[in-house]
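> Would you mind keeping the following structure in view while I ask a few things?
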Amino acid sequence: MPKHKEDRRTIYSKKMIRESLYELMKEKPLNKISVTEICEKADVNRSTFYAYYTDIYDLHQKIIKEFFVMQKNVIKNIKESLLQKNDIQEITYDDYYNIISYYLKTVKDNTELYKFIFNQNSTNAIHASFGKVVYHTIKDVLTPIIAESRLEELKTAFTFVSGGTTAIIMKWLEKDCQNSLEELSRNIAGYYYATFKAYTIDRTKR
């Protein structure tokens, strides 16, 4: 059965409600925010809020769900970029660049959502969960082309570089993604390429 298309008023009201939650969560945690505060900031009445959401937590969860749906496209892009590789050493700088630039474009196109996700009052479990999803995706793709004995080493390398990437993206978001997407993609791709290039070195021969 086809989904009912939302009218402009509904889309606008939901947008204002969401943005109001974004703003309020810059000041305090979710459990300290009331529906009344959201409605006042969004300039909507409570009946409008409850027409779309059962409570604040329902609103929060719907935003998180939207975030993870969006990340599926990022993960799909990673899989498509790496699936044809027969060896980890075949992954080039350009491969990393294409993955990173695709992800950063997603971030830039949804700046306010990502600011919300990485907000200090938002739960760290959200982006930690996404990091785990991406790691397991990469692991699934790379497992056939790397030695099983080095999977834990791969996890450590990924944890190192992904943590740095998250910090860089958070700084980028703080400046409303004004710095060049292309330049940032080149820099982060270089970090990934160098890290995983180092990973391929057989340290037992040293």
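> Pick from N31, N98, N45, N73: which is under 26 Å from L184 (Cβ atoms) and either among the basic types (K, R) or modelled with pLDDT of 85 or more (or both)?
Details: N31 fails: under 26 Å from L184 (Cβ atoms); N45 fails: under 26 Å from L184 (Cβ atoms); N73 fails: either among the basic types (K, R) or modelled with pLDDT of 85 or more (or both).
So the residue among N31, N98, N45, N73 that is under 26 Å from L184 (Cβ atoms) and either among the basic types (K, R) or modelled with pLDDT of 85 or more (or both) is N98.
> Here is a follow-up. Please specify each residue of segment 164-173 satisfying the condition of being out of contact with any Ser or Thr (no Cβ under 7 Å at 6 or more places or on another chain) and in contact (Cβ under 8 Å) with a residue 24 or more places away in the chain.
G164, T165, T166, I169, M170, W172
> Further question: Picking from I145, I138, which residue would you name as being in the same structural domain as Y96 (by TED's automatic domain parsing), at pLDDT below 70 and under 19 Å from the mean Cα position of the chain (by Cα)?
I138
> Which residues, taken from segment 62-84, are touching a Leu at 6+ places or on another chain (Cβ under 8 Å) and more than 20 Å from V107 (Cβ to Cβ)?
Of everything in segment 62-84, just one residue is touching a Leu at 6+ places or on another chain (Cβ under 8 Å) and more than 20 Å from V107 (Cβ to Cβ), namely L82.
> Kindly list the number of the only condition in (1) modelled with pLDDT of 90 or more; (2) within 16 Å of T111 (Cα to Cα); (3) of a type in the set (A, V, I, L, M, F, W, C) that fails for L59.
Among (1) modelled with pLDDT of 90 or more; (2) within 16 Å of T111 (Cα to Cα); (3) of a type in the set (A, V, I, L, M, F, W, C), L59 violates only (2).
> S34 is checked against (1) in contact with a Lys or Arg (Cβ under 9 Å, 6 or more places away or on another chain); (2) surrounded by fewer than 18 Cβ atoms within 10 Å (Cβ to Cβ) and fails just one. What number does that condition carry?
Checking S34 against (1) in contact with a Lys or Arg (Cβ under 9 Å, 6 or more places away or on another chain); (2) surrounded by fewer than 18 Cβ atoms within 10 Å (Cβ to Cβ), the one that fails is (1).
> Okay, moving on. Please find, among E6, E40, E112, E90, the residue that is within 23 Å of I169 (Cα to Cα) and of a type in the set (D, E).
Within the list E6, E40, E112, E90, the selection yields E112.
> Restricting attention to segment 179-186, does a residue exist that is at pLDDT 90 or above, hydroxyl-bearing (S, T, Y) and more than 30 Å from Q61 (Cβ to Cβ)? Lay out the reasoning, then the answer.
Step one: filter segment 179-186 for residues at pLDDT 90 or above, giving 179-186.
Going one step further and asking which of them are hydroxyl-bearing (S, T, Y), we end up with 180, 185.
Filter once more, so that each one left must be more than 30 Å from Q61 (Cβ to Cβ): 180, 185.
The answer is yes; a qualifying residue exists.
> What's the number of the only condition in (1) among the polar types (S, T, N, Q); (2) closer than 18 Å to W172 by Cα; (3) surrounded by fewer than 12 Cβ atoms within 10 Å (Cβ to Cβ) that Q84 fails to meet?
That leaves (2) as the condition not met.
> Are any residues in segment 37-62 exposed (fewer than 12 other Cβ atoms within 10 Å of the Cβ), in contact (Cβ under 8 Å) with a residue 12 or more places away in the chain and part of a loop (DSSP other than H, G, I, E, B), and if so, which ones?
Answer for segment 37-62, where residues must be exposed (fewer than 12 other Cβ atoms within 10 Å of the Cβ), in contact (Cβ under 8 Å) with a residue 12 or more places away in the chain and part of a loop (DSSP other than H, G, I, E, B): D43, D55.
> Out of segment 12-51, which residues are closer than 17 Å to N110 by Cβ and hydrophobic (A, V, I, L, M, F, W, C)?
M16, I17, L21, M25
The values are calculated or read from the model by the stated rules, or taken from the named source; none is laboratory data. From a predicted model like this one, the values you see are computed outputs, not experimental measurements. Using ideal geometry, Cβ is built from the backbone for each residue, glycine included, and neighbour counts are taken over all protein chains shown.
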